[in-house]
Structure formats: C-alpha cells, structure tokens
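Enquirer: Just dropping this structure here.
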Amino acid sequence: MTTLAILTAAGSGTRLGRDLPKALVDLAGFPLVVHAARRLAASGVVDSVVVTCPPGLDSAVRDVVAQDPHVDVPVRVVEGGGTRQASVAAGLALAGPDDDVVLVHDAARPLAPPRLVRRVVDAVRAGHGAVVPGLPVTDTVKRVGPASSGSGPDVERVVETPDRAVLRAVQTPQGFDRALLERAHAQGAARATAEGSAATDDAGLVEALGEPAYVVTGEEAAMKITTERDLQVAALLLEEES
Ligand code: C5P
C-alpha cells in the first residue's frame, strides 16, 4: 500500500505582498513549493505527490517541482479551488487505488523536516486515522466576542481563557487513513465553497464527523510563512540546516 501527499499551493498569498503566488516565492534560490516537495520526497515514506496550483499555473508549477532532481517521486499537478478545502478535495480526487494513507501538506510550510513527515505517517500506519503535528502554545490565548455597544471598533470582549497547557498550535503535514479523509471531505463538501465556512485544516473535517484526531509532536521548522518577516526567519533556519 502507498502514501500520497497532497501539497497545497493554490493560495494567492496576498499578505506577502508579491506579484506571484506564495508557493512560487523564492527562498534561498528555490520556490517555497520546491522546498516542501523535496522534504516530502526525502522522508522516504511518500510514494507520490499531487500539487494543487493556482488557475493557469499548472505548467509553471509542474516545471519547477517535477523537474527538481531532489523530488524523486512522481508528481502530478491539479488546479486548486477557491478555498484550501476545495483545493485539497481536488487533490484527493486523484488518489490511486493503492493509496491507503494520504498526507495533506501546505507549501506555505516549506521547511517541515522529513523526520516530521515520517512521524506523522508512522502514527497513521500504527492505527491513528487522523494525525496532526502540534506544538505547545507559549502565549496565553483568549476567546473573544463582540464588546457591548458603545465600545470602539477595536475593542472585543474576552469570553474565555482556555488553559494553555491543553492547547496545541497545529501544523502540516497532517496524515489520514484515506477512506476516513474521503468521508470527511464528502460530508463537509458544502463548507468548501466560501472562505468563511471552509475548514482551515483537514483534521477539523474529521472531527466534524465525530471521529478522533490525534496530535504528534511538531517541529519549529514547520513554521508557516505568511509575512515577509516569516520568510526572513525561514532563510535563517535554512542556513542553520546547512
Ligand atoms: O493562505 P494560507 O497560507 O492559509 O494557505 C495555506 C495553504 O493552502 C497554502 O499552501 C496555500 O497555497 C493553500 N491554498 C490552496 N488553495 C486555496 C487557498 C490556499 O491550495 N484556495
């Protein structure tokens, strides 16, 4: 049986303020999506990769990923949808008959190390149907709601302060039993049409089924790139790696 990795790269990444999609932004000479695909391939536990790309960019993405000598697993490219959830669904539709484990990974986390990929796949193969990497939260986190009328627009009311000891900030790659992930996407399909309702991660769709999801220890290097500053931090992490 085989493991398919869906590498989501169809976002616009407007917060980076570049003219090109975030997944194609350069980090130390290579696009983010190439860094992510290299580490998936280097894990030794991924048999093939499907990259979701922005509309009209399939050949550009195929050229940079499939032709990279370090990405030595088969790569297919599919146009993503209007939300991350829709993009993952488009990738999942390409799963082959032997793919019993599916990873979902964001190109926006280009330095997620191969050992993390193995940790997630090992946990799925050990019988956990939905596995996410997570790190303890160091900030105190508040849940907020609207403030009473008369407060300014910048003021929110604190509703709750969860005990941070039981919180985890989750990352990708997330790993799934393929049939469970397909069931979760089928049941949650209606949510995928709008950003406000779409799932921000795939484990959330599994949880909505009432099925358990599990956390394994994440990695600092699996940080998400959202801003220009994140790119600078990633460049430093890469330097430390070499
Ligand atoms: O925008 P954000 O950084 O949260 O996106 C997370 C990941 O989902 C990125 O790798 C992005 O390329 C991907 N994505 C996608 N299709 C969308 C929106 C985001 O594949 N419609």
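The values are calculated or read from the model by the stated rules, or taken from the named source; none is laboratory data. If you're wondering where the values come from, they're calculated on a predicted model, not measured in any experiment. Note: ideal-geometry Cβ built from the backbone for every residue, glycine included; neighbour counts use all protein chains shown.
Enquirer: Condition check: within 16 Å of the ligand (Cβ to nearest atom) and free of Cβ contacts under 8 Å to residues at least 60 places away in the same chain. Does Val137 satisfy that?
Expert: no
Enquirer: Out of the residues in the range 1-33 that are surrounded by fewer than 23 Cβ atoms within 10 Å (Cβ to Cβ) and either assigned to a helix (DSSP H, G or I) or under 15 Å from the mean Cα position of the chain (by Cα) (or both), which is nearest to the ligand (Cβ to nearest atom)?
Expert: Only one residue fits best here, namely Gly11.
Enquirer: Can you pull out every residue in the range 61-94 that is more than 16 Å from the ligand (Cβ to nearest atom) and among the basic types (Lys, Arg)?
Expert: Answer for the range 61-94, where residues must be more than 16 Å from the ligand (Cβ to nearest atom) and among the basic types (Lys, Arg): there is none.
Enquirer: From the residues in the range 212-236 that are surrounded by 13 or more Cβ atoms within 10 Å (Cβ to Cβ) and over 17 Å from Gly13 (Cβ atoms), which one is nearest to the ligand (Cβ to nearest atom)?
Expert: So, considering only residues that are surrounded by 13 or more Cβ atoms within 10 Å (Cβ to Cβ) and over 17 Å from Gly13 (Cβ atoms), the one nearest to the ligand (Cβ to nearest atom) is Ala222.
Enquirer: Tell me, which strands (runs of 3 or more DSSP E) lie completely within the range 62-155 with 3 or more residues that are exposed (fewer than 14 other Cβ atoms within 10 Å of the Cβ)?
Expert: The strands (runs of 3 or more DSSP E) meeting that bar are 143-146.
Enquirer: Name the residue that is farthest from the chain's Cα centre (by Cα), counting only residues in the range 172-186 that are under 22 Å from Ala221 (Cα atoms) and not aromatic (Phe, Trp, Tyr).
Expert: Looking at residues that are under 22 Å from Ala221 (Cα atoms) and not aromatic (Phe, Trp, Tyr), I get Gly175.
Enquirer: Which condition breaks for Pro97 when tested against (1) within 21 Å of Ala186 (Cα to Cα); (2) within 13 Å of the ligand (Cβ to nearest atom)?
Expert: Unmet condition: (2).
Enquirer: To continue, here is another question. Among all residue pairs at least 6 apart or on different chains, which show Cβ distances below 8 Å where the first residue, located in the range 52-73, is under 15 Å from Arg38 (Cβ atoms) and without any contact (Cβ under 8 Å) to a residue 12 or more places away in the chain and the second is buried (at least 16 other Cβ atoms within 10 Å of the Cβ) and not hydroxyl-bearing (Ser, Thr, Tyr)?
Expert: Ala66/Val75; Ala66/Val77
Enquirer: Taking the stated definitions as given, is Ala169 under 15 Å from Thr217 (Cβ atoms), free of Cβ contacts under 8 Å to residues at least 12 places away in the same chain and out of contact with any Pro (no Cβ under 7 Å at 6 or more places or on another chain)?
Expert: No, not satisfied.
Enquirer: Kindly list the number of the only condition in (1) modelled with pLDDT under 95; (2) closer than 30 Å to Ala28 by Cα; (3) of a type in the set (Ser, Thr, Tyr) that fails for Thr193.
Expert: Exception for Thr193: condition (2).
Enquirer: Mind listing whichever residues of the range 34-60 are within 11 Å of the ligand (Cβ to nearest atom), part of a strand (DSSP E or B) and either within 21 Å of Leu237 (Cβ to Cβ) or of a type in the set (Ser, Thr, Tyr) (or both)?
Expert: Listed by number, the list holds a single entry, Thr52.
Enquirer: Under the condition of being surrounded by fewer than 19 Cβ atoms within 10 Å (Cβ to Cβ) and out of contact with any Lys or Arg (no Cβ under 8 Å at 6 or more places or on another chain), which residue from the range 40-56 is farthest from Gly29 (Cα to Cα)?
Expert: Taking the candidates together, the pick is Asp47.
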